[in-house]
Every structure is written in structure tokens, then in C-alpha cells.
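Notes follow once the structure below has been shown.
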Amino acid sequence: MDTDVIVVGAGPTGLMLAGELRLGGARVVVVERLARPTGQSRGLGFTARTMEVFDQRGLLEGFGPGLETSPQGHFGGIVFDYSVLPDAHFGARGIPQSKTEEVLEAWARGLGADIRRGWELKALTDTGDAVEIEAATPQGARRLRAAYLVGCDGGHSAVRKAAGFDFPGSPATREMYLADVVGCAIRPRFLGERHPEGMVMAAPLGDGVDRVIVCPAGTPAGERATEPDFAEIAAAWRRITGEDISGGSAHWVSSFTDVSRQVTHYRRGRVLLAGDAAHIHLPAGGQGLSTGVQDAVNLGWKLAATVQGWAPPGLLDTYHDERHPVGARLLTNTRVQGALYIGGEEADPLRSLFGELIAYEDVRRHLAGVVSGLDIRYDRGDGTHPLLGRRLPPRPLRTATGDTTTAALLRTGQGLLLDLGDDPEARAAAEGWKDRVLTVTARPVGAAAPGDPLAAPQTLLVRPDGYTAWAGTGTDGLREALDRWFGAPARR
């Protein structure tokens, strides 16, 4: 083998996966078609859960001081307060995707990931015991062989096509445009503005740059040979709003559609998919980048454990089992948001009904959980503890050696046995897994909010991706959970 894992694509998903694999001890080569990053940024931030994930890996400092979040969010343009859900907000705002990629690439390279730009996938073969690829590179054709390959190469994934993944869904019905424009005094329309001829959005990005999104009514979707030019976008803007922005210019332009598709399986043999390669959708609510990053964090430790040889049977298959439902739910909520956002007069009854429903706290909590990613719940086994299958919430902790946080305890990419009740039996039970599970005795700092699931003396077994695999007092079921998620102990 030339490496343990080949990752195709150096966007946020691929770079996050590369770092996760390196934390787990796997060798990884990332191959990226582009010789250098484009600097373009379709995404402008990330969700609350993805912000927590970045904190778990110590990445937030890379985004600089003053990372801005807001409790005010929306669903399909209908505004409400996300803080109705504990720990929730609408996510980090105003962070260009190019900055996210810069932070993730520096982290992955620092961990030893081999990132090769200018490598374009031409062919792949799953031989049953390995995956072989052929790539066109600046040095000519090259071959690589690895135990596994993961396609993180976007909505037009070459990996998905070459490996024969089924990709059903709803075809595109309309085309829309995006541009970062300079030289125009464009009035902000943060949540969109509907007109008989379509919908437009506009938001200032700073330094005289405005991000505009143009959704013309009745524009059929088709396969474009090239991206639209600024003149085409300016004409559509004028047709919808009556405003002339043709005197400005664009740093870059792009088009997108309302296509909605998801692969039927996230794994075929030794080839897996993550991010937009596995699911594409209307970019409503800024969830695409975040879902891809979370795909990578779910997959990374499982795939690393597999190539390292300690993964319990079936661990790698839980990637599809856990993330496919999340992707399906993403497609559902973005299609609903699309109907609210860009639907014409026929969608007015739907907007009216949502406006009424959002007055109910349970509805706001549900929608905040969906868009923020904080309500994801994986397999909880037979337990009833409120944290089972859910992410470990961010809390300050005090240990014998000083203050820390729940996120900081996950920086190493290992599992975590968090002993909040000073239980020597629980700590002893995990001794055989100390090469894979960090054991920490701590207690929460400060007064607990009512209903805080971390307030009671208890022990939590947390997976490397931050989700709780076991919770309770004593040791009943703890060894079984350790076996299930972390394989056989090194010693009994």
C-alpha cells in the first residue's frame, strides 16, 4: 500500500477527514484536482454543532478573535430565536469558506496529512483487498494504492460516478445565480425579497463587496458548459428588482439549482463518500459545509480504527447507518426551506402556516435543532439516559490538575471516559482500553441550569466524535459499550 486511505477532494470535508484520520493514526494522501485554492467562498459560516466540532479539535483560534454568532436565525426566511434550545445559536457568521479551508488545511498538514494538489482522478478500481487509482498530475500519470478511498469531491463527484453509487432524488427545476459584486450600492436583503419575477438576496461582506443571490422565476435548469457572466446576473437582477447594477463588477460568479439527491449507500466495498459527494441540495440555511464536516468527523475515527486493526466488527458500517438518515433529513428541510424561500404565490399559504406554527416553543425548538445540528441522535442501545446517542454538551470542568472544558478533553481524537462521580470502579473497568480511551475525573464548574444532563454524579463514555455511547452510575453495561465501540481490550 502507498497509504492507508486516499481522500479525493481538498474542500472542507476532505481536509477535515484527513485531520481526523491522522489523529487516529492512519496514513492519508489527499488528492485535489485544483493546483491551488480558488479563494471563492460559496459558504459564509457554519452551524452551531460544527462550531462545537471545531472546538473539540482546537480549531476555533485559527479563525481569529471575535468569531460572531447570533441567537437570531431563520427557517426559510421566517425569523426566530435559536436560543430557545440550550446551547443553540444560528452558527458562526461571515466566515468565508476559503478561510475555513485554510484553517483545516494547516491543521491537517500539521498532523502529517500528505496533500497533493494538481492531481486529477482519472480511474479507480476496487480490487477487493485494496483501492487503486490513476491520476493525472503535473508530473504525468501516477498510480496510488490504498486500503480505502473516500470521495469528498463535491456534487459532481468523479468518485461517485466511477464507483457506481446510486444517486436518486429530485432533478433540478430552476437555475439561480450567486456573485460577489463591487462598485454597487446594493441595499441589503439578508433574508430575501420576493417579487413577481423572482427572489433576490443581498448582504455586505465588507471592503465594498456585496454577496448577491438571484433566483429568477421560471428559469429552467439545464447543464451549463460555463458559469454565467456578470452581465447575465445584472440583467436578471434588473428584471426582478428594477435596479441597475451593471455598472459594477464581480470578483466571481456562479450558478446553482434546486436539485436534491442522496446516494443510497455511503459505502461500496472499500470506497466511501462524504459531504456533497454523498448528498446535494439547495443551499438553504448554510448547512451543506457543516454536514460534510460532520460526515468527516463521524467517519474519520472509525476508518482509522479499521486500518489500525482495532475496530470492532461492523464499526465502519455504522458510518452509513448514522449519517445517511442525517443526510436524508437535510434534504427534507432544505426542500421545505426552498419552497418557503423561492416559491411563488402558490407558496403563500405555506408561509402563512409556518408563521403561525413558529409561535409555538416546541416548533421553534424542533427547527432550531434541525438547522443547528444539535438534535442529532445516534443509536442509543437499550438505555434511556438523555445523553445517550447525543453529543456531549459544551461545559466548563474542574479536574485535579486545573480547569478545562468538555471540548478540550476531546482534542486528542481518542474516546473519553468522563467520570463526574469519582467512581474508581468505572475507571478500573476502562483500564484495558487506555490506549484508545482517555479517562478523566472532573466535576462541572458553576451552578447547573435546570435539567442540565451533566449536573448529576455519573460516568459518561464518549466516542472520539463527541457523541455519548454509554452513561450511568456503576459499571453495568460499561464494558459491553467499550467492546462495541472500541474493540477488544488490550488486556483484561
Fill in: the range 139-152 residues that are without any contact (Cβ under 8 Å) to a residue 40 or more places away in the chain, paired with ones that are surrounded by 18 or more Cβ atoms within 10 Å (Cβ to Cβ) (beta carbon under 6 Å, 6 or more apart)
Arg142/Ala135
Worksheet item: If you go through the range 41-48 one residue at a time, do you hit one that is surrounded by fewer than 24 Cβ atoms within 10 Å (Cβ to Cβ), over 14 Å from Gly288 (Cα atoms) and of a type in the set (S, T, N, Q)?
Response: no
Discussion item. Just to verify a result, which residue in the range 270-286, among those that are more than 13 Å from Gly151 (Cβ to Cβ) and not hydrophobic (A, V, I, L, M, F, W, C), is surrounded by the most Cβ atoms within 10 Å (Cβ to Cβ)?
Written reply: His281
Fill in: Criterion: outside the structural domain of Asp321 (by TED's automatic domain parsing), surrounded by fewer than 19 Cβ atoms within 10 Å (Cβ to Cβ), hydrophobic (A, V, I, L, M, F, W, C) and more than 26 Å from Gly154 (Cα to Cα) - qualifying residue of Ala221, Ala217
Ala217
Worksheet item: When the residues of the range 432-442 are filtered to those that are in contact (Cβ under 8 Å) with a residue 40 or more places away in the chain and surrounded by 14 or more Cβ atoms within 10 Å (Cβ to Cβ), which remaining residue is farthest from Asp375 (Cα to Cα)?
Response: Gly432
Practice prompt. Among residues belonging to the range 449-492 that are of a type in the set (Gly, Ala, Ser) and farther than 22 Å from Leu303 by Cα, point out the one that is surrounded by the most Cβ atoms within 10 Å (Cβ to Cβ).
Written response: Ala471
Discussion item. If I ask for residues that are of a type outside the set (Gly, Ala, Ser) and over 20 Å from Ala481 (Cβ atoms), which ones from the range 441-461 would you list?
Written reply: Arg443, Pro444, Val445, Pro450, Asp452
Worksheet item: So which of Ala449, Ala428, Ala456, Ala442 is assigned to a strand (DSSP E or B) and not assigned by TED's automatic domain parsing to the domain that holds Gly300?
Response: Ala442
Worksheet entry | Which numbered condition Thr384 misses (of (1) surrounded by 13 or more Cβ atoms within 10 Å (Cβ to Cβ); (2) polar (S, T, N, Q); (3) more than 21 Å from the chain's Cα centre (by Cα)) | (1)
Worksheet item: Considering Gly474, Gly466, Gly446, Gly421, which residue is among the small types (Gly, Ala, Ser) and in contact (Cβ under 8 Å) with a residue 60 or more places away in the chain?
Response: Gly466
Response to the item:
Those residues of the range 309-354 which are surrounded by 14 or more Cβ atoms within 10 Å (Cβ to Cβ) and of a type in the set (Ser, Thr, Tyr) amount to Thr318, Tyr319, Thr334, Tyr341
Worksheet item: Given the conditions (1) modelled with pLDDT of 95 or more; (2) crowded, with 19+ Cβ neighbours inside 10 Å, and given that Thr405 satisfies all but one, which numbered condition is not satisfied?
Response: (2)
Item to complete: Tell me which residues, restricted to the range 235-245, are assigned to a loop (DSSP other than H, G, I, E, B) and either crowded, with 16+ Cβ neighbours inside 10 Å or small (Gly, Ala, Ser) (or both).
Response: Gly242, Ile245
Practice prompt. Check Arg116 against each of (1) surrounded by 24 or more Cβ atoms within 10 Å (Cβ to Cβ); (2) touching a strand residue (DSSP E or B) at 6+ places or on another chain (Cβ under 9 Å) and name the one condition it does not meet.
Written response: (1)
Worksheet item: Considering only residues of the range 276-293 that are in contact with an Asp or Glu (Cβ under 8 Å, 6 or more places away or on another chain) and assigned to a helix (DSSP H, G or I), which is nearest to Glu322 (Cα to Cα)?
Response: Gly292
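Name the one entry in Gly58, Gly73, Gly66 that is within 22 Å of Gly338 (Cα to Cα), outside any helix (DSSP H, G or I) and in the same structural domain as Phe354 (by TED's automatic domain parsing).
Gly73
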Worksheet item: So which strands (runs of 3 or more DSSP E) are wholly in the range 167-234 and hold at least 1 residues that are within 29 Å of the chain's Cα centre (by Cα) and of a type in the set (D, E, K, R)?
Response: 175-182, 189-195, 209-216
Practice prompt. Kindly check whether there is at least one residue in the range 55-69 that is surrounded by fewer than 19 Cβ atoms within 10 Å (Cβ to Cβ), within 29 Å of Glu193 (Cα to Cα), out of contact with any helix residue (DSSP H, G or I) (no Cβ under 8 Å at 6 or more places or on another chain) and at pLDDT below 95.
Written response: yes
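The values are calculated or read from the model by the stated rules, or taken from the named source; none is laboratory data. What you are looking at is a predicted structure, and each value in this text was computed from that prediction instead of being measured. Because the Cβ atoms are built from the backbone with ideal geometry, glycine has one as well, and the counts that use them run over all protein chains shown.
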